[in-house]
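K.L.:
Once you've had a glance at the structure underneath, I'll fire off some questions.
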Amino acid sequence: MTSFDPPLAAADPEIAALIRKEEEKERDTIRLIPSENYASRAVLEATGSLLCNKYSEGYAKKRYYEGQEVIDEVEELAKSRVATLFGAEHVNVQPYSGSPANLAVYLAFCKPGDTVMGLGLPAGGHLTHGHTVSITGMFFKSVPYGVRRDDHRIDLDLVRKLALEHRPKLLWAGTTAYPRALDWAAFRGIADEVGAIFAADIAHISGLVLAGAHASPVGVADVVTSTTHKTFRGPRGGMIMCKKEHAAAIDKAVFPGLQGGPHNHATAGIAVAAKEASTPEFKAYAHAVVANAKTLADALQERGFSLVTGGTDNHLVLVDLTSKGVTGKVGAQAMARAGLVANYNSVPFDPRKPFDPSGVRLGTPAITSRGMGPDEMRRIAAWMAEVVAAPGDDATLARIARDVAALCERFPAPGVTV
Ligand code: DSN
């Protein structure tokens, strides 16, 4: 049998080589994309396990397939660990990722055509909070709210005004490119005033929330969704937490409403990540993510960069490169050649198109997982200043890329084995 079951390097050298190449990239570059992180070796091992072989439609003790003794235990362990971490009444760990988790919320509480409200994508919201090109903007009547023109912070007066006018069924609070803390209580108040379900999407900040580095919406919102691979540092996946009264509706929406069999290997990875997140080390990590983001923001401002909202409360910094005379795309592409991997991003009221916007989005979750601290944040800001001053200067970019790789060598990345 062994001869039919060779290891990856022998079975498929092409894919093995590509995985190794990606591992080298993740090892040798400074990864600044705020939605990315390094999953630990233990999380990777669980996620790459043969639990992927099993079909388990349903929930523990109520499956449509036999042989679930082990899977039931894995899923229940993942659920109870997540529930304890966040203080949640009910948890579902089956969503394949953040977008399916959010779709389950629509399915649980809305009918097609219902009115929904969320932060508009151009202001830092997520596609699935009702953006026009998303199914959530096509099948529901989406009324986006935005940020104020003067300080680029969420305009809660506008949220309330729009909510009173449009009486949404569902009100989202959650962001992908917004550097400030969210006022969960204010959203709760507005939802109550208009009889809306209040859904908080904490995909970007779930690791910060569970560690107390960001206020928690659990127990405030009716339902809380998250991915599991960002600041939570787990495998790619999704989870939903809700009050007990909504448990049946949420579970039914995930399965059979939207999905078939859960990805049991991902569930195991979530369980491992939840165990890791329960440690004092993880709490220190989450607070360091925020401290690093603040140091990075200050260092960038000292070098004349213009930041959306003038700073950060969380894990990300949104830089408007207009004053530096480069677009977000040119800036992000030059940064990548220098080993600083970020993504170009729209800034609020951006006059440029999303495919070549004015900003770059930076985040500290991955670099903090490597143990980088204030000195490295200042170093990164200095490199960024050099890059945007000479985005076409190949020699400068190559020299910075070498220095970046040398710095990375001092900070081994979790999960990277090459
Ligand atoms: N939009 C992704 C990001 O923030 O990178 C997450 O869904």
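K.L.:
For the stretch 296-313, check the following and say yes or no: at least one residue is open to solvent by 50 Å² or more (accessible area, probe 1.4 Å) and within 16 Å of the ligand (Cβ to nearest atom).
P.N.:
Taking every residue of the stretch 296-313 in turn, none turns out to be open to solvent by 50 Å² or more (accessible area, probe 1.4 Å) and within 16 Å of the ligand (Cβ to nearest atom).
K.L.:
Where the second residue is open to solvent by 10 Å² or more (accessible area, probe 1.4 Å) and assigned to a loop (DSSP other than H, G, I, E, B) and the first is over 15 Å from LEU182 (Cβ atoms) and among the basic types (Lys, Arg) and lies in the stretch 217-228, which pairs have Cβ atoms under 8 Å and are six or more apart or on separate chains?
P.N.:
Once the first residue is over 15 Å from LEU182 (Cβ atoms) and among the basic types (Lys, Arg) and sits in the stretch 217-228, no partner that is open to solvent by 10 Å² or more (accessible area, probe 1.4 Å) and assigned to a loop (DSSP other than H, G, I, E, B) comes close enough.
K.L.:
Out of the residues in the stretch 347-392 that are of a type in the set (Gly, Ala, Ser) and open to solvent by 30 Å² or more (accessible area, probe 1.4 Å), which is farthest from PRO179 (Cα to Cα)? Break it down into steps so the answer makes sense when it comes.
P.N.:
Just the residues of the stretch 347-392 that are of a type in the set (Gly, Ala, Ser), to begin with: 358-359, 363, 366, 369, 371, 373, 381-382, 385, 389-390, 392.
Still in the list and also open to solvent by 30 Å² or more (accessible area, probe 1.4 Å): 371, 389, 392.
Details: GLY371: 22, ALA389: 25, GLY392: 29 Å.
For the stretch 347-392, the residue satisfying everything is GLY392.
K.L.:
Quick one: would you say GLU281 is among the acidic types (Asp, Glu), touching a residue at least 40 places away in the same chain (Cβ under 8 Å) and assigned to a helix (DSSP H, G or I)?
P.N.:
Numbers: among the acidic types (Asp, Glu): yes; touching a residue at least 40 places away in the same chain (Cβ under 8 Å): no; assigned to a helix (DSSP H, G or I): yes.
Answer is no for this residue.
K.L.:
Got at least one residue in the stretch 178-196 being surrounded by fewer than 19 Cβ atoms within 10 Å (Cβ to Cβ) and either touching a His at 6+ places or on another chain (Cβ under 6 Å) or under 23 Å from ASN343 (Cα atoms) (or both)?
P.N.:
Scanning the stretch 178-196 turns up at least one residue that is surrounded by fewer than 19 Cβ atoms within 10 Å (Cβ to Cβ) and either touching a His at 6+ places or on another chain (Cβ under 6 Å) or under 23 Å from ASN343 (Cα atoms) (or both).
K.L.:
Now, a different point. Residues in the stretch 316-349 that are outside any helix (DSSP H, G or I) and either β-branched (Val, Ile, Thr) or over 20 Å from ARG379 (Cβ atoms) (or both): how many?
P.N.:
Number satisfying all stated conditions: 15.
K.L.:
Hey, another quick one. Restricting the first residue to the stretch 65-76 and requiring it to be within 14 Å of GLY261 (Cβ to Cβ), which pairs with a second residue that is open to solvent by less than 30 Å² (accessible area, probe 1.4 Å) and in a loop (DSSP other than H, G, I, E, B) meet a Cβ separation below 6 Å and a spacing of at least six or different chains?
P.N.:
GLN68/SER56; ILE71/SER56; ASP72/ALA60; GLU75/ALA60
K.L.:
Looking at LYS62, LYS79 in this structure, which one is over 21 Å from the mean Cα position of the chain (by Cα) and either more than 16 Å from the ligand (Cβ to nearest atom) or more than 28 Å from ALA211 (Cβ to Cβ) (or both)?
P.N.:
Working: LYS79 fails: over 21 Å from the mean Cα position of the chain (by Cα).
When all the criteria are applied, what remains is LYS62.
K.L.:
What are the residues in the stretch 82-118 that are under 16 Å from the mean Cα position of the chain (by Cα) and more than 21 Å from LYS243 (Cβ to Cβ), if any?
P.N.:
Answer for the stretch 82-118, where residues must be under 16 Å from the mean Cα position of the chain (by Cα) and more than 21 Å from LYS243 (Cβ to Cβ): TYR96, SER97, SER99.
K.L.:
Would you tally the residues in the stretch 29-47 being more than 16 Å from the ligand (Cβ to nearest atom), within 19 Å of MET384 (Cβ to Cβ) and open to solvent by 50 Å² or more (accessible area, probe 1.4 Å)?
P.N.:
Going through the stretch 29-47 one residue at a time, the tally reaches 0.
K.L.:
Could you please let me know if THR84 is under 26 Å from VAL289 (Cβ atoms), open to solvent by 30 Å² or more (accessible area, probe 1.4 Å), in contact (Cβ under 8 Å) with a residue 60 or more places away in the chain and β-branched (Val, Ile, Thr)? Full working, then the answer.
P.N.:
Numbers: under 26 Å from VAL289 (Cβ atoms): yes; open to solvent by 30 Å² or more (accessible area, probe 1.4 Å): yes; in contact (Cβ under 8 Å) with a residue 60 or more places away in the chain: yes; β-branched (Val, Ile, Thr): yes.
Judged against the criteria, THR84 is a match.
K.L.:
Here is a follow-up. Report every pair of residues separated by at least 6 positions or lying on different chains whose Cβ atoms are under 6 Å apart, first residue within the stretch 247-261 and part of a loop (DSSP other than H, G, I, E, B), second open to solvent by less than 40 Å² (accessible area, probe 1.4 Å).
P.N.:
Every condition considered, the pairs that remain are GLY261/SER56.
K.L.:
Please go through the stretch 161-177 and give me each residue that is open to solvent by less than 10 Å² (accessible area, probe 1.4 Å) and closer than 20 Å to PRO365 by Cβ, ordered by number.
P.N.:
GLY174, ALA177
K.L.:
For the stretch 314-326: of the residues being surrounded by fewer than 20 Cβ atoms within 10 Å (Cβ to Cβ) and out of contact with any Gly (no Cβ under 8 Å at 6 or more places or on another chain), which is farthest from THR364 (Cα to Cα)?
P.N.:
Looking at residues that are surrounded by fewer than 20 Cβ atoms within 10 Å (Cβ to Cβ) and out of contact with any Gly (no Cβ under 8 Å at 6 or more places or on another chain), I get GLY325.
The values are calculated or read from the model by the stated rules, or taken from the named source; none is laboratory data. These figures come from a predicted structure and were not determined experimentally. Using ideal geometry, Cβ is built from the backbone for each residue, glycine included, and neighbour counts are taken over all protein chains shown. Accessible surface is based on the protein model in full, side chains and every heavy atom, while ligands, DNA and RNA are left aside. Shrake-Rupley method; radii C 1.70, N 1.55, O 1.52, S 1.80 Å.
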